[in-house]
Number of protein chains: 2
Amino acid sequence: MGHRTESMDTKEIDVRSLSSSNRHTLPYVHKVGVPPKQNLWKEFSAMLKETFFSDDPLRSFKDQSRSRKFVLGMQAIFPILSWGRSYNLAKLKGDLIAGLTIASLCIPQDIGYSKLANLAPQYGLYSSFVPPLVYAFMGSSRDIAIGPVAVVSLLLGTLLQNEIDPIKNAVEYRRLAFTATFFAGITQAILGIFRLGFLIDFLSHAAVVGFMGGAAITIALQQLKGFLGIKKFTKNTDIISVMHSVWGSAQHGWNWQTIVIGATFLAFLLFAKYIGKKKKKLFWVPAIAPLISVILSTFFVYITHAEKKGVQIVKHIEKGINPSSVNEIYFTGDYLLKGFRIGAVAGIIALTEAVAIGRTFATMKDYQLDGNKEMVALGTMNVVGSLTSCYVATGSFSRSAVNYMAGCQTAVSNIIMSLVVFLTLEFITPLFEYTPNAILSSIIISAVISLIDYEAAILIWKTDKFDFVACMGAFFGVVFHSVKTGLLIAVSISFAKLLLQVTRPRTAILGKIPRTNVYRNIQQYPDATKVPGVLIVRVDSAIYFSNSNYIRERTLRWLTDEEEQLKKDGLPKIQFLIVEMSPVTDIDTSGIHALEELYRSLQKRSVQLVLANPGPVVMDKLHASSFTSLIGEDKIFLTVADAVLTCSPKFAEDV
Amino acid sequence: MGHRTESMDTKEIDVRSLSSSNRHTLPYVHKVGVPPKQNLWKEFSAMLKETFFSDDPLRSFKDQSRSRKFVLGMQAIFPILSWGRSYNLAKLKGDLIAGLTIASLCIPQDIGYSKLANLAPQYGLYSSFVPPLVYAFMGSSRDIAIGPVAVVSLLLGTLLQNEIDPIKNAVEYRRLAFTATFFAGITQAILGIFRLGFLIDFLSHAAVVGFMGGAAITIALQQLKGFLGIKKFTKNTDIISVMHSVWGSAQHGWNWQTIVIGATFLAFLLFAKYIGKKKKKLFWVPAIAPLISVILSTFFVYITHAEKKGVQIVKHIEKGINPSSVNEIYFTGDYLLKGFRIGAVAGIIALTEAVAIGRTFATMKDYQLDGNKEMVALGTMNVVGSLTSCYVATGSFSRSAVNYMAGCQTAVSNIIMSLVVFLTLEFITPLFEYTPNAILSSIIISAVISLIDYEAAILIWKTDKFDFVACMGAFFGVVFHSVKTGLLIAVSISFAKLLLQVTRPRTAILGKIPRTNVYRNIQQYPDATKVPGVLIVRVDSAIYFSNSNYIRERTLRWLTDEEEQLKKDGLPKIQFLIVEMSPVTDIDTSGIHALEELYRSLQKRSVQLVLANPGPVVMDKLHASSFTSLIGEDKIFLTVADAVLTCSPKFAEDV
């Protein structure tokens, strides 16, 4: 490490000397630091830690007594033990109002959503009873509202009906639904326990926006059945099949009484939504509008007996709370694997939604949320749900927003909602008998409309065209083919983008910004000037096997282009190629090979290879592979400015 | 763009003024440039160009007449038309010597390798006749030696025998081999035509080293059958099964005469190899040693009639050149798909080998090689080969090295070799009748030994531990299970590495290197000092959906850690968080969301967010999404030094 000691001694007369006049008498410059050699195990465990425990979840356990650790552990699993102790009446007031509001919103939605999943209406209500209770004990988000949601219901419904006919084989269908729910929970919990939560980040925001928008359109289209009172309807979810069904039944399949009821209440719901948007204080108007619609329309049908004129009604909802479904889950046979596959997909989509909601509100109220712990909570909740006749529940965008605006303080609002649903199940369900299906369709349509986030899509278009392609790919995939196709397109495009990034990193030619020591991309700073006889290339990525050849070839092409230009202009040729390595955060063996090959090619052209500011990891590896001794330690500089000072002292003087 | 004009005006008194004493009277600093808005189509086509035409293959076609373009086009497809015109006698001399040398090496190797592919010996020779001829016309590498190679022969052999028994159904097996060869060629050509050549870069150098080493061991183990004269031998290639076969037959299955012949000549071959390594001038000794061994041992067996004492001999090689195999390829039926799958895998592995060889020698002699064009040449060669009874041919490591050292000048050396093989097929094959199999085994063992690149493995261990895991994974996968498993492990680990890179990028805390304006990682430069009241974090990667949440959380954690430390030490708290964006080459919508969330969280903690040096693309997107107006244009600086100058003028003064 001789060169390091030297650099320490010469530090007094380094870059600073640039601006003094006698800089040429002391052309020393700062040397690039080589970080202290790391212990292999330390390095490895640091990598593991960053990958799986980047949020340092065990921080609070440090230096604690055993019993304290047990308490902390229990509090980690059941956060209610921690925040419950400071719970008070003021908080309860907020939670009570919020809980009642989301309950009034969730009851009609649940009944509608269970239809999307091809299940009887009570299963939607069941899923708003048990899962929120479990979540309240284990979850750490204070604002999320738990229950069935539109997109997951649709996804589950379409995936399940590919396997079993929901009408002909209703029992098997329901059993498979519980099986899928069970494995959705298991998948979620496992991702959390093994701290693989970051995997859901691989579904990009743009893809999610497109997917959600497409799913919303699909769900709205499905509602045309109830809304128009059509009896024969396609099982496919793509827009072409649905439109075919709709027009095909226009002659005799539509029921005008249904349409009148549906349209009236849809207008009412949309108007309520509009009011809520206009005045934030009136958020409760759209929140209770669905329940009011249900009550009014049910009463109306009951007194006019519109059901005899072809208006379809709910007819029957099972009374009483969730029965056990432990024995209904397929733990053996063909359906085990199918249930697992469907559950894994539905579980991951449900997670994406819940985690996004949790993060949004945590940022708004500035509290920390451990994504992995959330997943364990959501997973447990779904496993318990699957044993008590629930299907996949997760956080609902619309109800969480209402919950937040209604002033919820803690997860107690979920408990309140759950209790209201309990009372509904025990006492009120028979009253829903005359509720027209058209109202449920209107409620669903008005609910999913807000999932079409066209503003986000416009912003995506403005910021990143590639993201927009992913967004539209997912959207059209869902609308024109199926939910599964849209999802597949979204994931594929997201991955393609990542791979493109690591295969074709950017490179840039740097120039000197006049009267500074700063070297920047000449495309971004058109007044930056190139250094005569020196080409400065910045490589904007870690150099790995996937891009090392490209980087080598691209750098040589920059050189060739530059030399051709210089020849044309009759200027002196390039003598130094400075590679600015600041953005090169890592290098692997293929990368070092590429650098060696670059060095050899440059030698043939009598151009010197010079490196500027390699980072700690890169420096370490360049040393280990003896690349530094190949090109010479004195060819590695702390900054581009230092390198230019040595390569072209005359130019540097003209600062 | 008001702020830009301003920055132009103030440029005279910018960072440079740092070192003047009156800097506080004029605290203006350089503004970050916003690149000129790009046309959408231009942006898109630039991306396409970098991805698929990064080597600018049409450069020479620019501004040329039509007829000239045709000539250039023909020369692009058949490079021989271009270099053939300057061919002369001096070059022919070099090529003649090199061609004869590699011919003497390839003939015995071909016979041996065809056994690895479970084909009769003449097919190896066929594959050294037609493919090299085709390559000579279409390829652009001057040093590669074309023909069957050990690893691809083994791979093809094991994949094919999973489908068809090569002994019981020899005809179908051969037909499937030609089908696979056909599709290997098609795969290679298509990758080249669609300029997807970069896909083979996804197999990392480390993985290839491990895979090749494992394959070499496997091949050597397979030779124990011929070497020990064992008759009953396992079909599996893993070391456990092979050793079981070997020890199981130790009592009565070994033939001592065979062992004596094999061992003697193996010692001779290894000694020749040693000589060749010691004195580079004697490279021809190991090159002709195999042929000498074949001649000597054949003569020996012929006069002693050792074949009657259990020494297995070649027995019969079909005389005459390649028959047509057009009608043998399965263009329909089940075997079409199987042939395609096997061919695609074998074709890609063959490509990896050929392209690596081509690149190595192109760098050594400093000529350009268009990887995609090479793929088209190799693909065409294999398609033609498959129609003329050849199996997959590619560039051979060992023979190419010999070709280079023997002084080859152009691909004419391949033509010479091809002609010698032609003469061999026409006249000499009957003489191989008495060649003992043990000799072929010895030749193969001595050939594949050099594929075990333990020096490279040591270097990989030294430079990159993760690469080493990929290398060993591939190695042990091949040795202990199968070639396919090893390949799968290699590809999976390589991909995992890439994904890890984009999921968990590095971040670093920067400090000021004393007496400079340079801010660097405090881990690499322990004497760098932190700026009081300011935390400088560098993010070392593009911010994409896959890492945006991590980056946000990690940055906040740096802040929390720092604040805890400051609190303990009783120092003033952090007021500014400077994010050094130099390495952030791109950002997507999720990334901007994360920045917004970061900004909001910081506001809650009354910490100001400041950005330093965002690149052109990032700047563009920050503008498009109005993030710049959210945090304020004046919070974005050209350099960290500028930012510190504004945030903590007192500290900056102490330079």
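Rule-based calculations on the coordinates, nothing more; no lab input. Since the model is a prediction, treat every value here as computed from it, not as a measurement. Heads up, the Cβs are rebuilt from the backbone with ideal geometry, glycines too, and the neighbour counts pull from every protein chain shown.
Between A:Gln565 and A:Arg341, the simple spin-label model (points 7 angstrom out along Cα→Cβ) gives 5.5 nm. A cut-off of 5 Å between modelled amide H atoms, ignoring neighbours fewer than 5 places along the same chain, links B:Thr394 with B:Gly147, B:Val149. Please give me the summed charge of the neighbours of B:Ala216: other residues whose Cβ is under 15 Å from its Cβ, Lys and Arg +1, Asp and Glu -1. Counting the neighbours of B:Ala216, the net charge comes to -3.
If both residues of a DSSP beta bridge must be in chain A, then about 45% of such bridges are antiparallel. Mean residue ellipticity, 222 nm, helices only, the protein assembly as shown: the sum of -39500 (n - 2.57) across DSSP H runs of n ≥ 4, divided by residue count and rounded to 500, is -19000 deg cm²/dmol. What separates the Cα centres of region A:595-612 and region A:438-499 is a distance of 47 Å. Proximity of backbone amide H atoms, modeled 1.01 Å from N, is registered between A:Phe129 and no other residue at under 5 Å, excluding neighbours fewer than 5 places apart on the same chain. Taking the 0 to 90 degree range and rounding to the nearest ten, how far is the long axis of helix B:256-278 tilted relative to the main principal axis of chain B, both from C-alpha atoms? Value to nearest ten degrees: 50. Sorted from nearest, the other copies put their B:Glu564 label points 5.7 nm away, the label point being 7 Å from Cα in the direction of Cβ.
Can you compute the FRET efficiency between A:Arg66 and A:Ile193 using 1/(1 + (r/R0)^6), with r the Cβ-Cβ distance and R0 = 22 Å? Round to the nearest 0.05. Mind dumping the intermediate values first?
Values: r = 23 Å, r/R0 = 1.04.
For R0 = 22 Å, the calculated efficiency reads 0.45.
Per-residue Karplus couplings for region A:570-585, computed as 6.51 cos²θ - 1.76 cosθ + 1.60 with θ equal to phi - 60°, are listed in order as x, 9, x, 7, 6, 10, 10, 10, 9, 9, 7, 9, 3, x, 7, 8 Hz, Gly and Pro entered as x.
In this label model, B:Ile428 and B:Lys49 are separated by 5.3 nm, measuring between points 7 Å along each Cα→Cβ vector. Ordering A:Arg195, A:Arg600 by the number of other Cβ atoms within 10 Å of each residue's own Cβ, fewest first, gives A:Arg600, A:Arg195.
Only counting other Cβ atoms within 10 Å, I'd like A:Phe182, A:Phe651 sorted with the fewest neighbours first.
On the way: A:Phe182 27, A:Phe651 17.
Arranged by neighbour count, lowest to highest, A:Phe182, A:Phe651 become A:Phe651, A:Phe182.
Counted by neighbouring Cβ atoms within 10 Å, the residues A:Glu318, A:Glu374 run from fewest to most as A:Glu318, A:Glu374. Radius of gyration over Kirkwood radius for region B:396-502, both on Cα atoms: the Rg/Rh ratio is 1.13.
Relative to the first principal axis of the alpha-carbon coordinates of chain A, what is the inclination of helix A:371-387, with its axis defined by its Cα atoms, in degrees from 0 to 90 and to the nearest 10? Approximately 30 degrees, to the nearest 10. The listed peptides A:308-315, A:386-393, ordered by packing as a protection proxy, come out as A:386-393, A:308-315 (highest mean of other Cβ atoms within 10 Å first). Couplings 3J(HN,Hα) for region B:445-452, derived from phi with the Karplus relation 6.51 cos²θ - 1.76 cosθ + 1.60 (θ = phi - 60°), are 4, 5, 6, 6, 4, 6, 6, 7 Hz, where x marks Gly and Pro. Inter-copy label distances for A:Arg605: 4.7 nm (label point placed 7 Å from Cα along Cα→Cβ; shortest first). Each residue of region A:99-192 gets 99 Å³ once the volume of the Cα convex hull is shared out per residue.
Dipole check for region B:106-499: with +1 at the C-beta of Lys and Arg, -1 at the C-beta of Asp and Glu, and the Cα centre as origin, the magnitude is about 680 Debye. In this structure, A:Leu419 and A:Leu296 have a Cβ-Cβ separation that, at R0 = 25 Å, corresponds to a calculated FRET efficiency of about 0.50.
Rounded, prolate or oblate: pick one for region A:229-273, where a ≥ b ≥ c are the square roots of the eigenvalues of its C-alpha gyration tensor, a/c under 1.5 means rounded, and failing that, prolate if a/b is larger than b/c, else oblate.
Cα axes put region A:229-273 in the oblate bin.
Give me the inter-chain shielding for B:622-630: mean count of other chain Cβ atoms within 10 Å, whole number please.
That works out to 2 on average.
Label sites at B:Lys308 and A:Val171, each approximated as a point 7 angstrom past Cα along Cα to Cβ, lie 8.1 nm apart. The eigenvalues of the Cα gyration tensor, multiplied by 5 and square-rooted, give chain B an equivalent ellipsoid with semi-axes of 61, 29, 23 Å from largest to smallest. Relative contact order of region B:242-295: 25 percent, from C-alpha pairs under 8 Å at least 6 residues apart in sequence. Taking only the C-alpha atoms of the protein assembly as shown, Rg followed by Dmax gives 35.8, 114 Å.
Relative contact order for chain A: what percent, with Cα pairs under 8 Å and sequence separation of 6 or more? Relative contact order here is 21 percent. Dividing the convex hull volume of the alpha-carbon atoms in region B:486-525 by its residue count gives 85 Å³ per residue. Cross-link pairs exceeding 29 Å in C-alpha to C-alpha distance, out of B:Lys93/B:Lys280; A:Lys49/A:Lys621; A:Lys281/B:Lys604; A:Lys484/B:Lys42, comprise A:Lys484/B:Lys42. From the residues A:Thr560, A:Gly632, A:Cys647, which one has its Cα farthest along the dipole of region A:522-655 in the positive direction, the dipole being from +1 and -1 charges on Cβ of Lys/Arg and Asp/Glu about the Cα centre? Positive-most Cα among the choices belongs to A:Thr560. Region A:383-428 to region B:146-222: how many Å between their Cα centroids? One Cα centre to the other: 58 Å. Distances from A:Ile428 to itself in the other copies, using label points 7 Å out along the Cα-Cβ axis, amount to 9.6 nm in increasing order.
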